[in-house]
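To start, the structure itself, in structure tokens.
The values are calculated or read from the model by the stated rules, or taken from the named source; none is laboratory data. Since we're looking at a predicted model, the values are computed, not measured. In this analysis, Cβ positions are derived from the backbone assuming ideal geometry, glycine residues included, and neighbour counts consider all displayed protein chains.
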Amino acid sequence: MNDSANPGLRKRLITVILLLAVLAGAGAAGWYYWQSRWYVTTENAYLTGNLVEVSAQIGGTVVWIGPEQNQVVHRGQELLRLTDGDELETLALRKNELALAVQDVQTLRAEVNRLQAEQRLRAVTHDLAEDEYERRQRLYPKNMVSKEELDSARTREAETEVSLETARLALEKARVRAGTQPLDEHPMVMVAAAHLRSAYRDWRKTQVISPVDGEVARRRVQAGQRISAGTPLFSIAQRQGAWIEANFKETQLRHIRPGQPVELISDLYGDSVKLRGRVDSIGTGTGSVFSLLPPQNATGNWIKIVQRVPVRILLEEGFDRDHPLPFGASLEVKVATHDRSGPPLAVEHAPEPVADADIYHYQAEGVEQLIAQIIADNRD
């Protein structure tokens, strides 16, 4: 009797097990569907950032190189040095030109003083000649002077008048060239000072410095190499400002909004390290739009396929020195789209600069003091 009951019991047990398995599978499928409604994932993502190209501003021969590849560099740090012999020669020439310009201006102003004295002398001579002519004019009707003496006096008065006018014009010309402004504001001195500033900056350009903080991703130059202006020298990676470029299918963008939280898993560290980020912005076009030959139906190179759109994701904690990621590292991106209330376009950010590499004022440091010293040394 027990033997006949066992098959029925086993059958019911198997039925229950199968039913539970189906319910579990349905529950798992339902849970997965429910979760997938709120998450968007892609493995087409990588870390990227700014690669600052440092180029030569002047030609020369490399005589010194500071950092090696992959080393950390700081804003304002010296990276490379060029020979500066020719630049120093030009700088010395410009210094002498400025000194001569100061001396020339002072010579012109001394000439003004000399011409003023000469004009006074000729004015006295003209006054005497004019008085003599007037006296002879009064005496001539009385036959006290001859016609020849009168004509001679008239000629002398005319000559001294022309001579006085010539002296006046020469003085006016000298005053224009000498000027009345301070010595350092005279055009001749300012032109020479501008040439000196240019030569000084060229000399300082033989020292190449880093415009940003980062790491030397690539060194493109060797010691002893002859380079020209514009030659790429270093590529500096700014890891601190790195971001993730995630390429989602256009069918996945419907619920992605700026500000949504993102979970990131890299191929380098696997599931053991999970990074956190936020959606920053959604690209303005698909990758194919910016290709060399963008799709265009009129030319026949257009095919209907699902496009991918780049989404920019920022790391919440910035660069993690304990788990550094190289540029180009692959990541798995999972965007939580629970909050879909925000606008699909990023809000307008505050008017802050994207980059600030204005550190080249060092090239003019000290030049104004040098100019002032040269002017002072050559002033009377």
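Evaluate the following for V306: is it modelled with pLDDT under 75 and closer than 28 Å to W38 by Cα?
Numbers: modelled with pLDDT under 75: no; closer than 28 Å to W38 by Cα: yes.
Spelling it out, it is not the case that V306 is modelled with pLDDT under 75 and closer than 28 Å to W38 by Cα.
From the list A123, A92, the lone residue that is of a type outside the set (F, W, Y) and either surrounded by 13 or more Cβ atoms within 10 Å (Cβ to Cβ) or touching a His at 6+ places or on another chain (Cβ under 6 Å) (or both) is A123. Filtered by the rule that a residue be over 26 Å from R308 (Cα atoms) and not in a strand (DSSP E or B), region 230-268 gives G230, T231, Q238, Q240.
Within region 131-152, the set of residues being outside any helix (DSSP H, G or I) and out of contact with any helix residue (DSSP H, G or I) (no Cβ under 7 Å at 6 or more places or on another chain) comprises N143, M144, S146. In region 198-217, the residues that are closer than 21 Å to T61 by Cβ and touching a residue at least 60 places away in the same chain (Cβ under 8 Å) reach residues that are basic (K, R) and outside any loop (DSSP other than H, G, I, E, B) with C-beta atoms within less than 7 angstrom, at least six apart or across chains, in these pairs: A199/R94; T206/R81; Q207/R81.
Exactly one residue among L128, L115, L79, L100 is crowded, with 16+ Cβ neighbours inside 10 Å and out of contact with any helix residue (DSSP H, G or I) (no Cβ under 6 Å at 6 or more places or on another chain), and that residue is L79.
Residues of region 314-322 include none that is modelled with pLDDT of 85 or more, surrounded by 10 or more Cβ atoms within 10 Å (Cβ to Cβ) and more than 33 Å from the chain's Cα centre (by Cα).
Could you check, for region 163-171, whether at least one of its residues is crowded, with 17+ Cβ neighbours inside 10 Å, under 30 Å from Y133 (Cα atoms) and among the polar types (S, T, N, Q)?
Within region 163-171, the first condition is being crowded, with 17+ Cβ neighbours inside 10 Å, and the residues that meet it are 163-164, 167, 171.
Applying the additional criterion that residues be under 30 Å from Y133 (Cα atoms) yields 163-164, 167, 171.
Still in the list and also among the polar types (S, T, N, Q): 163.
Yes, there is a match, as at least one residue in region 163-171 is crowded, with 17+ Cβ neighbours inside 10 Å, under 30 Å from Y133 (Cα atoms) and among the polar types (S, T, N, Q).
Close contacts from region 143-162, counting a first residue that is within 12 Å of E130 (Cα to Cα) and a second that is of a type in the set (A, V, I, L, M) and surrounded by 14 or more Cβ atoms within 10 Å (Cβ to Cβ), with Cβ to Cβ under 7 Å and a gap of 6+ residues or different chains, come to R156/A129; E157/A129; T160/A129.
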